[in-house]
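Engineer: Okay, handing you the structure first.
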Amino acid sequence: MTQQLEDLLGQAGPILFYAAVWGLVFAGTALFVGIVLPFLTGDSLLFAAGIVAGLLPDRISIWILAVGVGIAAVLGDQVGFVLGRHLGRPYLTRRKGRWTRVAVAKTERFYQLFGWWSVVIGRYIPWGRVFVPPVAGIGGMAYWRFLTANAVGAVSWGVLITVIGYFAASTPAVRPISYAVAGVVILASIVAGIRAWVLERRRRDSAESTPESPEESAI
């Protein structure tokens, strides 16, 4: 496998590898690609890229890769925030689809509940990393306040998961720990997304089953 990766990088070059990973991370939030391709723009991508860097340390620098991922994540979120701030809610409502509408409504409640921390926490949740930035922009969050939260969440997420992948491939002694940590992070993000979806379904079912009051029926 290592030889095949070396042959591929010999043809494409490390620069194209960096650009592909950074571009996917950026597009995941800036262009909403994360809605349809969450596994190609999120945790799985970073972990796999880290493994490639660990297998080919002479060709791929883990620190260039990881820092670049963090920067790409920050820039992608900033684009989403600016678009949400200047284009408003119509920017999101134009994106049709029941799942998107539910995700936007869920993200708005998530943002109202956690504020600054929603931007940090949202980076580790598949739907959160896509929708929190524009929702924060629509909600009028101060630019520098969003930037600080974005930097903490995006950089920690990008560097952490990429470096874990690197150690999983390059250091046999810590490989089991790296796989365990990566598995926990990825599983936690998936569980968080499923849990939020289940809670939203319960809330909606409860609202639909609640009988109207006499006053509401008379209107």
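Engineer: Does V155 satisfy the condition of being over 11 Å from the mean Cα position of the chain (by Cα), at pLDDT 90 or above and over 21 Å from I62 (Cα atoms)? Don't jump to the end; show me each part of the working.
Structural biologist: Numbers: over 11 Å from the mean Cα position of the chain (by Cα): yes; at pLDDT 90 or above: yes; over 21 Å from I62 (Cα atoms): no.
No.
Engineer: Still on this structure: Quick check on W144: is it over 20 Å from D43 (Cα atoms), at pLDDT 85 or above and out of contact with any Leu (no Cβ under 7 Å at 6 or more places or on another chain)? Lay out the reasoning, then the answer.
Structural biologist: Values: over 20 Å from D43 (Cα atoms): yes; at pLDDT 85 or above: yes; out of contact with any Leu (no Cβ under 7 Å at 6 or more places or on another chain): yes.
Spelling it out, W144 is indeed over 20 Å from D43 (Cα atoms), at pLDDT 85 or above and out of contact with any Leu (no Cβ under 7 Å at 6 or more places or on another chain).
Engineer: For region 74-105: of the residues being among the basic types (K, R) and part of a helix (DSSP H, G or I), which is farthest from F131 (Cα to Cα)? Break it down into steps so the answer makes sense when it comes.
Structural biologist: Residues of region 74-105 among the basic types (K, R): 85, 89, 94-96, 98, 101.
Now narrow it down to the ones that are part of a helix (DSSP H, G or I): 85, 98, 101.
Working: R85: 13, R98: 15, R101: 11 Å.
Residue satisfying both the conditions and the ranking: R98.
Every residue, every condition in (1) at pLDDT below 85; (2) under 27 Å from R145 (Cβ atoms); (3) surrounded by 21 or more Cβ atoms within 10 Å (Cβ to Cβ); (4) within 15 Å of the chain's Cα centre (by Cα), yes or no:
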site	(1), (2), (3), (4)
D77	no, yes, yes, yes
F81	no, yes, yes, yes
L87	no, yes, no, no
T100	yes, yes, no, no
K106	yes, yes, no, no
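Engineer: Still on this structure, I have one more. If we keep just the residues of region 1-31 that are part of a loop (DSSP other than H, G, I, E, B) and at pLDDT below 85, which is nearest to A66 (Cα to Cα)?
Structural biologist: That would be G13.
Engineer: Residues of region 38-62 being among the β-branched types (V, I, T), outside any loop (DSSP other than H, G, I, E, B) and more than 13 Å from the chain's Cα centre (by Cα), which ones? It would help to see each step written out before you state the result.
Structural biologist: So in region 38-62, the residues among the β-branched types (V, I, T) come out as 41, 51-52, 60, 62.
Filter again for outside any loop (DSSP other than H, G, I, E, B), leaving 41, 51-52, 62.
Within region 38-62, I51, V52, I62 qualify.
The values are calculated or read from the model by the stated rules, or taken from the named source; none is laboratory data. Model, not experiment: these values are computed from the prediction. Cβ: placed from backbone, ideal geometry, glycine included. Neighbour counts: every protein chain shown.
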